[in-house]
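Below: the structure, in structure tokens.
The values are calculated or read from the model by the stated rules, or taken from the named source; none is laboratory data. Note that the coordinates shown come from a computational prediction; the quantities given were computed from them, not determined experimentally. Quick reminder, even Gly has a Cβ in these numbers, built from the backbone with ideal geometry, and neighbours come from all protein chains shown.
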Amino acid sequence: MSVSTATKKKKNQVTPRQVIKLDAMGAYYKDLNRQIRAMALEGARKFEISNVYGQRYIGTNLWGVEDRDKIRIRVNGTPGSDLGAFMDGPTLEVFGNAQDATGNTMNCGRIIVHGSAGDVLGYGMRGGEIYVRGNVGYRVGIHMKEYRNKIPTIVIGGTMQDFFGEYMAGGRIIVLNKFFEGNPPIRQSYFIGTGMHGGSIFVRGDVEAHQIGAEVGISEPTDKEWKEIEKYVAKFCSAFGLEKKQVKLLKREKFWRLSAKSKRPYGTLYAY
Amino acid sequence: MLTSLLPEFNVERNEDRCIQCRVCERQCSFDVYGYDSDHDVMVHREENCVACQRCAVLCPTNALTIRNNDYTYKPNANWTREHIQDLKKQAETGGVLLTGMGCDKPHRIYWDHILINASQVTNPSIDPLREPMELRTFLGRKPDRLEMIGGKLQQIDYPSVELSTPIMFGAMSYGAISYNSFSSLARAAYEYGTFFNTGEGGWPKELRKYGKATIVQCASGRFGIDLDYFNDASIVEIKIGQGAKPGIGGHLPGEKVSEHISQTRMIPEGSDAISPAPHHDIYSIEDLQMLIHALKEATDYQMPVSVKISAVHNAAAIASGMVRAGADIIVVDGLRGGTGAAPKILRDNVGIPIELALAAVDARLRNEGIRNWASLVVSGGIRNSGDVFKAIALGADAVYIGTPALMALGCTVCQKCYTGKCAWGITTQDPYLTKRVNPEIGTRNLLNLLRAWSLEIKELLGCGGINSIESVRGNRLQLRGIGLEQWELDTLGIRGAGQ
């Protein structure tokens with residue numbers, strides 16, 4: 001791994017504005033992440049990592065760094081699994097695809113993926129925002145949860161796969177189903193929201209009863225929710241350089257809200 | 001109330017002693033007692049009694065006796081009263097039978113079939129009152145070899161933690177148990193120099209000062225987790241399974257999610273806290289490796305990562321995978337491990353006794369030459385210091401105790417934890433009941449328990465002529481079996497008594 005700027009200078013000479021360029025070619029993930037951590041502790045806030053080939057846990061090892069929410073990491077290539085796992089503050093932008101478990105149990109911050117993302121995106125996610133330009137894999141958004149004003153949000157430009165939003169306890173997920181790609185036909189996914197007991201999934205396009213879990217209800221988004229959808233799709237547009245006025249082309253009647261029928265889906269399961 | 005059941009217990013009141021002070025009525029949280037003012041007598045609803053003995057213990061005149069109900073169905077070796085009552089309950093409700101605490105069925109308790117050696121003549125025994133005895137235990141990966149460079153021992157690169165005694169308090173979440181119980185465990189562990197485990201219900205901020213004595217759990221529900229939660233603690237534990245209910249998750253019912261619990265778990269008040277059965281980011285050993293290292297990254301490799309499974313048939317092979325996946329500590333929880341709530345059918349039928357699982361895991365890791373890569377902690381059915389000693393001689397580094405710790409706080413093992421009505425104030429969130437555990441007294445009793453067991457372990461060491469617990473670890477020659485079949489002796493790796 002090579003560091004092209006700044007590292008040869010003495011401590012405290014890194015300014016928050018300076019972009020730290022790291023070349024991850026051949027680097028072990030532990031070394032890469034420790035390098036980022038060391039530089040962040042010295043005051044660096046902007047990183048650009050090139051030649052990322054499967055290095056895991058980028059954005060995770062930053063506990064103890066002040067103003068973590070000011071950290072920006074630009075990832076060129078394909079980061080490994082658990083990108084931003086347990087992350088608490090930073091913004092990661094991936095110019096490429098992301099692998100599995102992106103944003104695992106993430107607490108705060110933003111992840112922007114310009115390509116597609118793999119399975120188990122946002123598992124147990126408790127805060128922050130994830131934007132995926134392309135498609136996502138299986139088991140996405142499982143057991144997301146919210147608390148007071150911490151409401152995790154995922155916006156997916158492409159399609160979802162099966163077991164989406166299982167056990168969801170809070171948060172919101174918006175699935176645009178290739179709206180910006182001109183609405184090509186998409187594969188139906190199944191077993192959506194099994195065990196759901198909180199939060200909302202907003203899907204563009206029809207969702208049939210046989211696609212969803214027994215604990216899930218289908219309804220139309222409320223006025224307030226529609227405003228939120230527009231707000232987050234606008235953020236999606238600005239993340240990916242799409243024209244914001246396209247948000248106005250979204251048709252409210254095309255969206256369905258999937259949510260829990262009960263906060264206590266298993267309340268009657270037991271004999272006391 | 002179910003209509004088709006016989007009362008399990010009888011309440012006998014000695015009317016000559018009873019002074020109608022109504023203490024029993026106030027103390028009973030299961031609504032057994034009432035006062036009939038017309039006749040100035042106490043009345044009983046025996047069908048509600050769970051035999052927790054709270055009333056009998058607090059009755060100032062010892063007027064109450066709680067007995068098993070002798071009235072029974074026609075005796076039947078196959079259809080026991082328990083089977084009949086359970087079946088009727090289900091016919092009335094259509095539900096999964098819940099229960100609390102560990103398995104109470106008479107599966108063989110191997111501790112009671114293992115005997116410990118002592119020194120006679122050829123090797124002098126040691127008096128622990130006269131000579132120093134070492135119980136200090138270190139958990140974490142140990143190096144394959146020690147290296148000396150220039151006469152200087154090279155720094156060992158693995159994080160490890162120190163315990164003053166090989167006994168820790170097992171995972172019991174705030175939510176499953178009351179705040180006073182939870183904080184008593186934290187404080188006692190801290191003061192004694194050992195550890196308590198938060199379970200997966202989060203960790204209240206004001207208890208973070210006990211971080212040096214804290215193991216935090218990362219389970220499938222991921223409740224209350226953020227970077228501070230990990231880094232304020234000393235060990236992070238991934239909970240895969242629990243002895244009382246291997247292979248299933250947990251449902252903390254919404255009515256137990258009070259304001260403070262909602263804050264600690266970071267979920268809305270009144271919402272069910274559901275832990276899915278598996279971690280949905282772990283479907284293989286490779287996935288486990290991924291989460292173990294995610295936690296190491298999240299804590300900058302400064303603390304050991306533990307992985308807890310329940311004792312199942314192929315625990316040894318799984319343990320090997322866990323160690324190879326990077327776990328610094330592995331925890332195996334046996335068939336008799338406790339719980340706040342579990343389906344009865346699982347608790348009583350799934351898993352294997354910890355003694356056999358422990359021996360199998362230790363032997364497997366030794367045979368593969370990776371025993372030093374991880375410490376081995378066992379739990380589920382430890383009842384006294386003799387069990388602790390035997391567990392260590394079978395290969396454990398340390399044990400977790402749960403039920404014994406709760407007993408020190410007042411528990412009488414009535415198995416009604418799942419009702420949320422614990423009359424001893426332990427497994428409840430009702431403020432009227434929770435104040436029954438005084439955290440000062442609770443802490444003191446827990447410290448007493450640790451002290452007493454540690455002294456006894458020193459006595460057991462001394463009688464064997466050993467002055468350090470390290471010399472007993474995996475030293476199966478200290479043990480002999482009695483009343484066991486050959487396959488059982490082989491699995492335990494010990495010889496029969498007299499051999």
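Within region B:257-281, the residues that satisfy the criterion of being more than 9 Å from chain A (Cβ to nearest Cβ) and buried (at least 22 other Cβ atoms within 10 Å of the Cβ) are B:257, B:261, B:264. Note on region B:94-106: residues that are surrounded by fewer than 15 Cβ atoms within 10 Å (Cβ to Cβ) and either within 10 Å of chain A (Cβ to nearest Cβ) or without any contact (Cβ under 8 Å) to a residue 12 or more places away in the chain (or both) total 3. For region A:140-163, the set of residues classified as out of contact with any Ser or Thr (no Cβ under 6 Å at 6 or more places or on another chain), within 14 Å of chain B (Cβ to nearest Cβ) and in a loop (DSSP other than H, G, I, E, B) consists of A:140, A:141, A:142, A:143, A:144, A:145, A:146, A:148, A:149, A:151, A:152, A:163, listed by residue number. Looking across region B:224-239 at every residue that is in contact with a Ser or Thr (Cβ under 8 Å, 6 or more places away or on another chain) and assigned to a loop (DSSP other than H, G, I, E, B), the one that is nearest to the other protein chains (Cβ to nearest Cβ) is identified as B:225.
Tell me yes or no: at least one residue of region B:195-217 is under 19 Å from residue B:339 (Cα atoms), among the small types (Gly, Ala, Ser), assigned to a loop (DSSP other than H, G, I, E, B) and in contact with a His (Cβ under 9 Å, 6 or more places away or on another chain). Looking through region B:195-217, none of the residues is under 19 Å from residue B:339 (Cα atoms), among the small types (Gly, Ala, Ser), assigned to a loop (DSSP other than H, G, I, E, B) and in contact with a His (Cβ under 9 Å, 6 or more places away or on another chain). Selection within region B:134-169: residues that are touching a Pro at 6+ places or on another chain (Cβ under 8 Å) and under 20 Å from residue B:466 (Cβ atoms). The member of this set that is surrounded by the fewest Cβ atoms within 10 Å (Cβ to Cβ) is B:135. Applying the set (1) surrounded by fewer than 24 Cβ atoms within 10 Å (Cβ to Cβ); (2) within 11 Å of chain A (Cβ to nearest Cβ); (3) hydroxyl-bearing (Ser, Thr, Tyr) to residue B:320 leaves exactly one unmet item: (2).
Looking at region A:11-50, which of the residues that are polar (S, T, N, Q) and either more than 24 Å from residue B:296 (Cβ to Cβ) or at pLDDT below 95 (or both) is surrounded by the fewest Cβ atoms within 10 Å (Cβ to Cβ)? Only one residue fits best here, namely A:12.
Restricting B:56, B:77 to those that are closer than 24 Å to residue B:409 by Cα, among the small types (Gly, Ala, Ser) and away from chain A (no Cβ under 14 Å) reduces the list to B:56.
Against the conditions (1) modelled with pLDDT of 90 or more; (2) away from chain B (no Cβ under 14 Å); (3) surrounded by 13 or more Cβ atoms within 10 Å (Cβ to Cβ), residue A:208 satisfies every one except (3). State whether the residues of region A:131-139 include one that is of a type in the set (A, V, I, L, M), surrounded by fewer than 24 Cβ atoms within 10 Å (Cβ to Cβ) and more than 12 Å from chain B (Cβ to nearest Cβ). Within region A:131-139 (the criterion being of a type in the set (A, V, I, L, M), surrounded by fewer than 24 Cβ atoms within 10 Å (Cβ to Cβ) and more than 12 Å from chain B (Cβ to nearest Cβ)), the answer is no, since none of the residues qualifies.
Kindly check whether there is at least one residue in region B:245-262 that is more than 25 Å from the chain's Cα centre (by Cα) and on the phi < 0 side of the Ramachandran plot. Yes, the conditions are met somewhere in region B:245-262. Scanning region A:216-266 for residues that are part of a loop (DSSP other than H, G, I, E, B) and either more than 14 Å from chain B (Cβ to nearest Cβ) or not hydroxyl-bearing (Ser, Thr, Tyr) (or both) yields a total of 13.
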